[in-house]
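Asks: This structure is in C-alpha cells; I'll ask about it shortly.
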Amino acid sequence: VGPAGALSLAGALSLAGVLVGDNGAQPAGTPLSLDLGRTVPTGGDALSHGRGLDCWEVRKRNSSEWCRFVRSNPDCRLEGGFLDYVEGVFCVFPPWLLPLAVTLYALWLLYLFIILGVTAEKFFCPNLSAISTNLKLSHNVAVSLGGVGFFSLTSPLHGVTFLAFGNGAPDVFSAVVAFSNPRTAGLAIGAIFGAGVFVTTVVAGGIALVKPFTAASRPFLRDVIFYMVAVFLTFMVLYFGRITLGEALGYLGLYVFYVFTVVLCTWIHRRQQREGLAPPGPWEPEMPTDAEEPESSGTSSGDYGEEYRPLLPSQETSLRILTTALSPLDYRKWRRKPWYWRVFKVFKLPVELVLLLTVPVVDPDKDDLNWKRPLNCLHVLTSPLLCILTLKSGAYGLYQIQGIFPVWGLITVVGSVLAIIIFITTSNEEPPKYHCVFAFLGFLASAMWINAAATELVNILRTLGIIFQLSNTVLGLTLLAWGNSIGDTFSDLTMARQGYPRMAFSACFGGIIFNILVGVGLGCLLQMTSSQLVVKLEPDSLLVWILAGALGLSLVFSFVSVPAQCFQLGKAYGICLILYYLAFLCVALLTEFRVIRLSAI
C-alpha cells in the first residue's frame, strides 16, 4: 500500500508543482497569503489589491466599462488554463447575451466533470491497479484507503481493488490547483470540507435508507477518529491563520500513518483468522477474499465481448488491432442499453477517443494485459506530447531550444524513434517484458488530463463567482463538492443495493481522509516551494467557520450515535443525516447572502 500511495503523491507533486510558479511578487520573508472567503486581497484596503480593484467589483460598474475594467485589472487574470473565461464573458459576449454565456459556461462545467470522471474511471484507476499488482500490494485495504472506486458499477470486485486511490484524484487535483492561486484558495477549503459534509451525511444516510445494515465496528471507529483528527488540525490551522512547513508535512505524515494503521489492522486480522482467534461478529467490510479474486478476474469493466471471442486463435493485422482498440463504443452493449445511457455515451465518445489516443492502459485482469502493439507504440509518441503540452498550459512545450527548435518537436522526434524500435522488436500476440512501464506512462498521462481539467474547472468556478458575486467558499462547498462527490454517491449507493452496504459505508469515511490530508497538505506544500515556508490562511468569512464546524459536528454525531445503536444502522439514522445536511446547507446559503449576520470570529 505504501509504495502505491507514495507513487500517487509523487505523481501529483511532479504534475501539479508547475502550477504554483507565478503567484505575484512576494517580499522576502513575507508569508504567502491565501484568502479563504470572498476574493478580497489581504494586506491592505478591502477593495484594493495594491494593483487595482477586486475583480468581482466589475458587476457594480456600467456594462460599457466591463471589458476595460477586466483587461486593466490584474486581479481578473486567471492563473493557468487554456481559456480566459473572465475576459470571454465580459469582452467577447455583449452584455445582453450574459445569460447565454453563463449557460455555455455551466454546460462546459458539466462536461469538465464528465472528463474528470471518464479519465479517473477508465484510465487513471486501471493503471493504478496495474501498478499495485506489479508491486504485489494487497487489494483488501483499498476500501479504507480510497473509497469504493469512482465508477465501479459493473463489478463489486473492481471497486474494492487498489484503484480506489484514483477515487480521490479529481478532488485532490482540484484542491492543489485551487491552492496554487491565493484568490481561489477558498474553493479548496470549501470543496474539501463541503464534500466531507456531503459524503458523511447524504451518501452515508442514503446507504442506510437503501439497505439497513450492521456497520463494521472497528474500521468505522478507526476512520472516524482519524478524520476527526484531520478536521481538528485544519480547524487549528484556520484559527491561527497560517500553516508552516512542518504542519504541511504533518498532514502527509498523518496520512502515511493512517495507511500504516490500515495495513497493520488487516495483517493482524488475517493472522487471527489463520490461528482461529478472529473475534466473532462483523468488524470489517464484506468483500471477496483473495481466494475468490481469480474467479472474477476473467473479465473487466472494459471487456464486454469476451463471450463472443472465437474458440480458435486467429492472427489479426496491426491495422485491425489499431482500429478495434481506438473504438470507444461496444455495439453489443449499445443495443442492450436504454436511451438515456446512449445519450450520455454520445457525450462521452469524444473524450474517450482522445484519451484512447493519448493514454495507455495496462489491465492485469486480461490475458494479454491489454497489450495493443500498434496503439501502444503510438502512445510512446502521444503520451509524452500530451504531458509536455499540458505543463503550464503548454508554455514548456512551445518553448524553443536556443530560439530555434521547439521542445514539442524534440519530443516528437525522440518518441517516433522509440515507437519504431518497439514496433520492430515486439509482436502483436505477446506483450513485452517491460509492458508494466506503460502502466506508469498511462498513470502520468491520465494524471495530466485530470490536472488540466481541474485547472479549467477551478477557473470557470472563479468566473461564475465573479459573475454572481459569490464567495469561493460557497462555490467550493456546493458546485465543486457536488461535482467531485457525484461518483462516490452513485458508486456507494449502487454497492449498497448490490448487497455491500458495509463496504460502501466504510468508503464514506475512509476515502475522504485521503482528500483532506493530501489535498490540504500537498496544496500548501507546493505553495511553499514557490514562495516562503509559511502560508497564511485567512478565513475572513463566517462561512468558513460554519463549514468546519458542520463537518466536525456531523462526525461527532456519527461517532456517538453509531455505537449507541450497537452499529445497527437503519432508516432513522439515514433520515437524521440527510436532514442535518439540508439544515447545514440552508445556514450556509443564508450566511452567504448576509441574512444571517454574526460578529466576526
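The values are calculated or read from the model by the stated rules, or taken from the named source; none is laboratory data. Fair warning: this is a prediction, and the values are worked out from it, not measured in the lab. Because the Cβ atoms are built from the backbone with ideal geometry, glycine has one as well, and the counts that use them run over all protein chains shown. Side chains included, ligands, DNA and RNA excluded: accessible areas come from the protein's heavy atoms. Shrake-Rupley method; radii C 1.70, N 1.55, O 1.52, S 1.80 Å.
Asks: Rolling a 1.4 angstrom probe over the protein heavy atoms, how many square angstrom per residue are accessible across the range 372-430?
Replies: Details: 3220 Å² over 59 residues.
Here the residues of the range 372-430 average 55 Å² of exposed surface.
Asks: Would you please report the Å³ per residue occupied by the convex hull of the alpha carbon atoms in the range 49-99? Could you put the intermediate results ahead of the total?
Replies: Numbers: hull volume 4.0 nm³, N = 51.
Output value, Cα hull per residue: 79 Å³.
Asks: May I ask for the net charge around Phe567, where only other residues with Cβ less than 11 Å from the Cβ of Phe567 are counted and Lys, Arg are +1 while Asp, Glu are -1? Could you put the intermediate results ahead of the total?
Replies: Details: positive: Arg218, Arg502; negative: none.
Around Phe567, the surrounding residues sum to +2.
Asks: Considering only the other residues whose Cβ falls under 12 Å of the Cβ of Leu355, what net charge follows from Lys and Arg at +1 and Asp and Glu at -1? Present the calculation step by step, with values, prior to reporting the outcome.
Replies: Working: positive: Lys122, Lys348; negative: Glu121, Glu352.
Charge balance in the 12 Å sphere: 0.
Asks: Whole angstrom only: what separates the Cα centroid of the range 225-279 from the Cα centroid of the range 330-406?
Replies: The distance from the Cα centre of the range 225-279 to that of the range 330-406 comes to 35 Å.
Asks: Further, regarding this structure: Compute the Rg to Rh ratio over the range 328-370 from the alpha carbon atoms, using the Kirkwood formula for Rh, and round to two decimal places. Walk me through the numbers on the way to the answer.
Replies: Numbers: Rg = 12.7 Å, Rh = 12.0 Å.
Checking Rg against Rh, the ratio lands at 1.06.
Asks: Now for a different question. Going Cα to Cα from Lys571, which lysines come in below 28 Å? Please leave out same-chain ones fewer than 8 positions away.
Replies: Within reach: Lys211.
Asks: Considering only the other residues whose Cβ falls under 13 Å of the Cβ of Met236, what net charge follows from Lys and Arg at +1 and Asp and Glu at -1? The partial results should precede the final answer.
Replies: Working: positive: Arg242; negative: Glu247.
Local charge sum for Met236: 0.
Asks: Shifting gears a bit: With label points built 7 Å along Cα→Cβ from the Cα atoms of Arg497 and Lys571, find their separation and express it in nm.
Replies: 1.8
Asks: Right, here's the next one. For the ranges 477-484, 266-273, what's the packing order if you count other beta-carbon atoms within 10 Å of each residue, average per peptide, and put the highest first?
Replies: Answer by packing, highest mean first, reads 477-484, 266-273.
Asks: Now for a different question. If a paramagnetic tag sat 7 Å from the Cα of Phe235 along the Cα-Cβ line, which residues of the range 545-581 would have the backbone N under 15 Å from that point?
Replies: Counting backbone N atoms under 15 Å from the label point, the list is 545-560.
Asks: Next up: In whole Å, how far is the Cα centre of the range 554-601 from that of the range 83-115?
Replies: Cα centroid to Cα centroid, the span is 34 Å.
Asks: Shifting gears a bit: For the range 517-524, take each phi angle, set θ = phi - 60°, evaluate the Karplus expression 6.51 cos²θ - 1.76 cosθ + 1.60, and give the result in whole Hz per residue in order, putting x for glycine and proline.
Replies: Once θ is set to phi - 60°, the couplings for the range 517-524 become 6, 6, x, 6, x, 5, x, 6 Hz.
Asks: If you don't mind, another one. Mind giving me the FRET efficiency for Ser318 and Leu533? R0 is 56 Å, r the Cβ-Cβ distance, nearest 0.05 is fine.
Replies: With R0 = 56 Å, the Cβ-Cβ based efficiency is 0.55.
Asks: Roll a 1.4 Å probe over the protein heavy atoms and report the accessible area of Val177 in Å², nearest 10.
Replies: Counting only protein heavy atoms, the figure is 10 Å².
Asks: Amide H to amide H, which residues 5 or more places from Arg242 or on other chains are under 5 Å from it, using H placed in the peptide plane?
Replies: Amide H neighbours of Arg242, under 5 Å, 5+ apart: Leu537.
Asks: Another question, if that's okay. Report the dimensions of the range 314-414 along its three principal axes from the alpha-carbon atoms, largest first, rounded to Å.
Replies: The principal-axis extents, from largest down, are 57, 36, 24 Å.
Asks: When only C-alpha pairs under 8 Å and at least 6 residues apart count, what is the relative contact order of the range 461-590, in percent? List each step's numbers first, then the result.
Replies: Working: 39 pairs, mean separation 23.6, N = 130.
It rounds to 18 percent for the range 461-590.
Asks: Out of every Cα-Cα pair in the range 372-430, what percent are more than 18 Å apart?
Replies: On the way: 687 of 1711 pairs.
For the range 372-430, the fraction of Cα-Cα distances above 18 Å is 40 percent.
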